[in-house]
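Okay, so here's the structure we're looking at.
Every number in this text was worked out from the coordinates using simple rules, so none of it is lab data. This one's a predicted model, so the numbers in the text were calculated from it and none came from an experiment. Glycine also receives a Cβ, built like all others from the backbone with ideal geometry; neighbour counts cover every protein chain displayed.
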Amino acid sequence: MNALRQYYAVTVELLDLFKNSTMERDEKILAIEQLLEKRETWMQQIKPPYSEEDRKLGSTLIELERSVASFLQKEKLHIQKDLNELNVKKNSTNKYINPYQSLSSDGVFYDKRN
């Protein structure tokens, strides 16, 4: 089955990108997205019946899928961490520029008479 072999090849290429990449983050993310789109198209073309060789390749792919999922999770956590750090920097910079902006109005009494 050609689609299964192509799916396997793209999965291995994706794992190599995760393990051995020296690219900048933006380039790496674009490459990951392209490979995931290729994998999706090949996945849709995989149809039964499966030969014995395809079943062996499928069991290997299950292990590779777990690795891909863990690498994607790690990459996501790195990006979230950087975004959180950026937001903290942004907030601290805004507080430095305008320190009285975040004063609360606790204790203010509004007299509302009808």
*Report the GluC sites (Glu not before Pro) located in the stretch 1-75 that are in a DSSP loop and have at most 14 other Cβ atoms inside 10 Å of their Cβ, or state none.*
Glu24
_Between 0 and 90 degrees, rounded to the nearest ten: what's the tilt of helix 52-97 against the longest Cα principal axis of the chain?_
20 degrees
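Given a cut-off of 18 Å, what percent of all Cα-Cα pairs of the stretch 2-68 lie beyond it?
Working: 845 of 2211 pairs.
Summing the P(r) of the stretch 2-68 above 18 Å gives 38 percent of all pairs.
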*Take Thr11, Thr60, Thr93 and order them by how many other Cβ atoms sit within 10 Å, fewest up front.*
Thr93, Thr60, Thr11
_I'd like the FRET efficiency for Glu33 and Glu63, computed as 1/(1 + (r/R0)^6) with the beta carbon distance as r and R0 of 25 Å, rounded to 0.05._
0.60
_Of [x] 67, 21, 19; [y] 82, 43, 20; [z] 40, 25, 20, the label for Cα extents along the principal axes in Å derived from the coordinates_ = [y]
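What is the gain in length, in nm to one decimal, between Tyr50 and Val88 on full extension, counting 0.36 nm per residue of separation less the C-alpha to C-alpha distance? Could the numbers behind the result be given before it?
Numbers: separation 38, 0.36 × 38 = 13.68 nm, distance 5.24 nm.
Extra length from Tyr50 to Val88 when fully extended: 8.4 nm.
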*Under a point-charge model restricted to the Cβ atoms of Lys and Arg (+1) and Asp and Glu (-1), what is the dipole moment magnitude of the chain relative to its Cα centre, in debye to the nearest 20?*
460 debye
